[in-house]
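Participant: A single structure is presented below for examination.
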Amino acid sequence: KAGVTQTPRYLIKTRGQQVTLSCSPISGHRSVSWYQQTPGQGLQFLFEYFSETQRNKGNFPGRFSGRQFSNSRSEMNVSTLELGDSALYLCASSGARNGVGETQYFGPGTRLLVL
Amino acid sequence: AQSVTQPDIHITVSEGASLELRCNYSYGATPYLFWYVQSPGQGLQLLLKYFSGDTLVQGIKGFEAEFKRSQSSFNLRKPSVHWSDAAEYFCAVVPFSGGYNKLIFGAGTRLAVHP
């Protein structure tokens with residue numbers, strides 16, 4: 001089975017721009033979660049989608065949004081980029097059951113640099 | 001407050017030596033517990049997980065972890081470290097109630113291995 005894929009792998013943007021990141025989960029997985037990793041704040045949960053519905057959200061401003069498509073692929077969008085949004089954005093997918101605490105499999109991440 | 005604590009930010013061991021990485025959590029009910037490893041520039045790889053049952057859990061790459069309810073701990077161990085184990089290790093939990101698949105991570109422990 002192919003793993004979680006994320007595109008693009010690297011991205012450079014300037015302040016004020018917006019960006020869209022994409023994540024394709026493992027085949028058959030219906031849950032997709034997004035995390036932000038920075039040296040200062042560590043790994044922080046952004047949101048989780050299950051069957052096209054956001055069912056959990058972290059403590060991030062409204063500039064961070066996401067969606068999930070019927071094929072379980074997910075995108076996250078950050079509008080009005082700030083320097084502090086520079087980070088590694090990780091996507092994770094988990095199994096087809098509507099469960100709790102399922103094992104999550106991570107993609108390689110998208111490294112975003114905001115100048 | 002609910003939290004995951006990894007007291008050791010950085011650990012250095014010699015190749016062949018034993019290893020123990022500490023993790024403590026603060027939650028009302030025992031959460032789901034995970035250990036992930038991240039190599040430089042990579043995503044996260046699951047080493048092992050604990051949901052219930054036997055408190056000694058075996059994982060990949062020769063790692064094991066022991067859950068101790070009385071100490072709210074989930075420490076990761078390896079009897080003999082290899083140079084390829086140099087990486088950053090993250091303890092994570094999913095709260096038992098309402099967490100779905102929301103992983104809450106500790107700050108991580110960076111492991112260096114001397115030859």
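The values are calculated or read from the model by the stated rules, or taken from the named source; none is laboratory data. Note that the coordinates shown come from a computational prediction; the quantities given were computed from them, not determined experimentally. Here the Cβ is made from the backbone with ideal geometry for all residues, glycine too, and neighbour counts use every protein chain on show.
Participant: For B:Phe63, which of the numbered conditions (1) touching a strand residue (DSSP E or B) at 6+ places or on another chain (Cβ under 7 Å); (2) within 14 Å of another protein chain (Cβ to nearest Cβ); (3) surrounded by 13 or more Cβ atoms within 10 Å (Cβ to Cβ); (4) over 12 Å from B:Cys91 (Cα atoms) fails to hold?
Facilitator: With (1) touching a strand residue (DSSP E or B) at 6+ places or on another chain (Cβ under 7 Å); (2) within 14 Å of another protein chain (Cβ to nearest Cβ); (3) surrounded by 13 or more Cβ atoms within 10 Å (Cβ to Cβ); (4) over 12 Å from B:Cys91 (Cα atoms) applied to B:Phe63, the lone miss is (2).
Participant: For residues in region A:28-54 being part of a loop (DSSP other than H, G, I, E, B) and among the polar types (S, T, N, Q), which is nearest to the other protein chains (Cβ to nearest Cβ)?
Facilitator: Filtering region A:28-54 for residues part of a loop (DSSP other than H, G, I, E, B) gives A:28-30, A:39-41, A:51-52.
From what is left, the residues that are among the polar types (S, T, N, Q) are A:41, A:51.
Working: A:Gln41: 9, A:Ser51: 12 Å.
It comes out as A:Gln41.
Participant: Now a separate question. For A:Gly3, all conditions in the list (1) over 23 Å from B:Ser39 (Cβ atoms); (2) part of a loop (DSSP other than H, G, I, E, B) hold save one; what is the number of the exception?
Facilitator: Exception for A:Gly3: condition (1).
Participant: When the residues of region A:90-102 are filtered to those that are at the interface with chain B (Cβ under 7 Å from one of its Cβ atoms) and closer than 23 Å to A:Thr7 by Cβ, which remaining residue is modelled with the highest pLDDT?
Facilitator: Ranking the qualifying residues of region A:90-102, first place goes to A:Leu90.
Participant: A:Tyr105 passes all but one of (1) surrounded by 22 or more Cβ atoms within 10 Å (Cβ to Cβ); (2) within 11 Å of chain B (Cβ to nearest Cβ); which number fails?
Facilitator: (1)
Participant: Tell me whether region A:7-19 contains one or more residues that are closer than 25 Å to B:Val94 by Cβ, surrounded by fewer than 19 Cβ atoms within 10 Å (Cβ to Cβ) and either facing chain B (nearest Cβ under 10 Å) or at pLDDT 95 or above (or both).
Facilitator: So the first thing to find is which residues in region A:7-19 are closer than 25 Å to B:Val94 by Cβ, and the list is none.
For region A:7-19, residues closer than 25 Å to B:Val94 by Cβ, surrounded by fewer than 19 Cβ atoms within 10 Å (Cβ to Cβ) and either facing chain B (nearest Cβ under 10 Å) or at pLDDT 95 or above (or both): absent.
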